[in-house]
Every structure is written in structure tokens, then in C-alpha cells.
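The values are calculated or read from the model by the stated rules, or taken from the named source; none is laboratory data. In this text, all values refer to a predicted model and were calculated from it rather than measured experimentally. Every residue, glycine as well, gets a Cβ built from its backbone with ideal geometry; the counts of neighbours run over all protein chains shown. Just so you know, the surface numbers come from the protein's heavy atoms only, side chains and all, with ligands and any DNA or RNA stripped out. Shrake-Rupley method; radii C 1.70, N 1.55, O 1.52, S 1.80 Å.
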Amino acid sequence: LEDRAYFEEYRSRSLLDGKEIEVIRNDSLLPAKALYIDDELRLVVQYTNGTIEHLYTGDVSIKKR
């Protein structure tokens, strides 16, 4: 999509920013923190070991406290 006018609206509706989550990968749950949605509309997460990853697709679960 060439027209990026919807980016800010998409970002403003994110329920994940700043939340503790689990990234579901294969049969594993990887604890992480959702940081923000980047300019490519990927979810940027930081794992507990400090590694940052940009997720294009996949599943995440919001951790219950």
C-alpha cells in the first residue's frame, strides 16, 4: 500500500504497546515486551534477554498479571 495515511490511526489503535506479552513460536511461549509498531507496521518486541525483534506476522498473547 503506497498511501500511508492510515499508519497513525493503526498505531493509535494498538492494544499491545508497553504490554508484557508472550510471542508464540512453534510450541514455545517467549516472554517479551511489546514496544511499538514501526514504519513497516511490524510489532517491535524486546525479549527478556534484551534482544529486539520486528515481527511481521504471528501470534502473541498478552500476559495476565
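Tabulated values for the structure
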item	result
Test: residue in segment 27-40 that is touching a helix residue (DSSP H, G or I) at 6+ places or on another chain (Cβ under 7 Å) and of a type in the set (A, V, I, L, M)	yes
Of all residues making up segment 6-65, the number that are part of a strand (DSSP E or B), in contact (Cβ under 8 Å) with a residue 40 or more places away in the chain and either among the β-branched types (Val, Ile, Thr) or open to solvent by 70 Å² or more (accessible area, probe 1.4 Å) (or both)	3
